[in-house]
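The next block holds one structure in the form of structure tokens; read it before the comments.
The values are calculated or read from the model by the stated rules, or taken from the named source; none is laboratory data. Here the structure is a predicted model, which is why all the values come from computation and not from measurement. Every residue, glycine among them, receives a Cβ derived from its backbone with ideal geometry; neighbour counts consider all protein chains shown. Accessible surface areas use protein heavy atoms only, side chains included; no ligands, DNA or RNA. Shrake-Rupley method; radii C 1.70, N 1.55, O 1.52, S 1.80 Å.
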Amino acid sequence: MRVAVFSTKSYDQRYLELANALHDHGHELTFFEPRLLESTAPLAAGFPAVCAFVNDQLGGPVLRALHAQGTELVALRSAGFNHVDLAVASELGMTVVRVPAYSPHAVAEHALALVMALNRKTFRAYNRVREGNFSLEGLLGFDLHGKTVGVIGTGKIGLIFARIMRGLGCRVLAFDPYPSPEAEEFVTYVSRAELFAAADVISLHCPLTPETHHLIDDDTVDQMKDGVMLINTSRGQLVDTRAVIEGLKCDRIGHLGLDVYEEEEDLFFQDLSDRVIRDDVFSRLLTFPNVLITGHQGFFTREAVTSIAETTLANVTAYERGHGTMHVVTADKIA
Ligand code: NAI
């Protein structure tokens, strides 16, 4: 199938080409660097399939533009599909497929990396030692062993993160409207309010839905323990950034680790080191010594990138051969 691949980075091209050759898919892949937006949609004219990533725009106007140009399949290189207007896709008869799981370990391990780095301040120690400053002032951490960790969302990633934290000797509390029987063996399900009140570390692993939008706001920050560590590797809009800045300013939040940010689409996945960052809220976050931000790299391991490429192309092949059932997402059904 002819596939227009948007938001292409060198690694997308390399791994998609490898998977295409290795599994004899025979797709004709055309790589475009720009993000998919209304203004870039014309690049996909005549392509029956479009391949998109997390910060591509797939709202109604873009879907209508793609459809008018002959696109019938949208193949997401992501698990999350909150950026796709599924109602419009179904009205237009377009199929949307995704990669439901690539490496939940990659994201869970990145959440752990944020916890560890924030606690022992390794990112600050690294700079100090390089400048010949061996002072330990300000680097005091705490033992994770014996602490209470709150996991919000115990799906594939949350469950692995919970296991890791149990392995470190933490008590793990969890909140999920659909508790996992597997998790019940080693986590204690509690209400959200109980979790906020008891956890020393809170990690978000639920999807972005209307219900979870700004799950962390002024009210929930107020319910947290003083000095809590908050980690978000899920979706930026789970957190009201202004509320966590207030929480940091009054020491309610003692550490903040983010791999996602609510306005990340104009920042992440590109080199802006020569430009002025115009997002004042993001710039304020960067001024705190106890905030560690990574640019949506939780998924970025060799294993995950290989799996994303393989599943994406297998989805396209299944669609092409009329086995259109592979990992299709519709407004009322998720595979
Ligand atoms: P999953 O679908 O396996 O698990 C999500 C869990 O959240 C489910 O158990 C569900 O019941 C629960 N949930 C739903 N609504 C909830 C609510 N209101 N409160 C608490 N829990 C709720 O998803 P998976 O694979 O574990 O991924 C979790 C999230 O991680 C994804 O939605 C995505 O946003 C994010 N992600 C981030 C990546 C990164 O690179 N940083 C990469 C991949 C995923």
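Does any residue of segment 68-78 turn out to be part of a loop (DSSP other than H, G, I, E, B), more than 16 Å from the ligand (Cβ to nearest atom) and touching a Lys or Arg at 6+ places or on another chain (Cβ under 6 Å)? No - not one qualifying residue is present in segment 68-78. Kindly indicate the residue of segment 281-314 that is surrounded by fewer than 17 Cβ atoms within 10 Å (Cβ to Cβ), outside any loop (DSSP other than H, G, I, E, B) and touching a residue at least 60 places away in the same chain (Cβ under 8 Å) and also nearest to the ligand (Cβ to nearest atom) among those meeting that condition. Checking each candidate, the answer is GLU303. Exactly one of these conditions fails for GLN270: (1) open to solvent by less than 30 Å² (accessible area, probe 1.4 Å); (2) over 15 Å from the mean Cα position of the chain (by Cα); (3) modelled with pLDDT under 95. Give me its number. Among (1) open to solvent by less than 30 Å² (accessible area, probe 1.4 Å); (2) over 15 Å from the mean Cα position of the chain (by Cα); (3) modelled with pLDDT under 95, GLN270 violates only (1). Is it true that GLU33 is of a type in the set (Asp, Glu) and part of a loop (DSSP other than H, G, I, E, B)? So GLU33 passes the test.
Of all the criteria given as (1) in the same structural domain as GLY257 (by TED's automatic domain parsing); (2) within 16 Å of the ligand (Cβ to nearest atom), the one not satisfied by ASN127 is (2). In the set (1) part of a loop (DSSP other than H, G, I, E, B); (2) open to solvent by less than 10 Å² (accessible area, probe 1.4 Å), ALA89 fails one condition alone, (1). Might you check whether a residue that is touching a helix residue (DSSP H, G or I) at 6+ places or on another chain (Cβ under 9 Å) and in contact (Cβ under 8 Å) with a residue 60 or more places away in the chain occurs anywhere in segment 134-151? Yes, there is a match, as at least one residue in segment 134-151 is touching a helix residue (DSSP H, G or I) at 6+ places or on another chain (Cβ under 9 Å) and in contact (Cβ under 8 Å) with a residue 60 or more places away in the chain. Every condition in (1) within 16 Å of the ligand (Cβ to nearest atom); (2) in contact with a Leu (Cβ under 7 Å, 6 or more places away or on another chain); (3) farther than 30 Å from ARG128 by Cα is met by GLY257 except one, and the failing one is (3). Annotation note: Cβ proximity below 9 Å between a residue of segment 268-280 that is under 20 Å from VAL54 (Cα atoms) and a residue that is of a type in the set (Gly, Ala, Ser) and open to solvent by 60 Å² or more (accessible area, probe 1.4 Å) (sequence gap 6+ or interchain) occurs for no pair. Does GLU265 satisfy being within 22 Å of TYR11 (Cβ to Cβ), assigned to a helix (DSSP H, G or I) and not assigned by TED's automatic domain parsing to the domain that holds ALA52? Yes: the conditions hold for GLU265. Filtered by the rule that a residue be part of a helix (DSSP H, G or I) and open to solvent by 10 Å² or more (accessible area, probe 1.4 Å), segment 107-121 gives VAL107, GLU109, HIS110, LEU112, ALA113, MET116, ALA117, ARG120.
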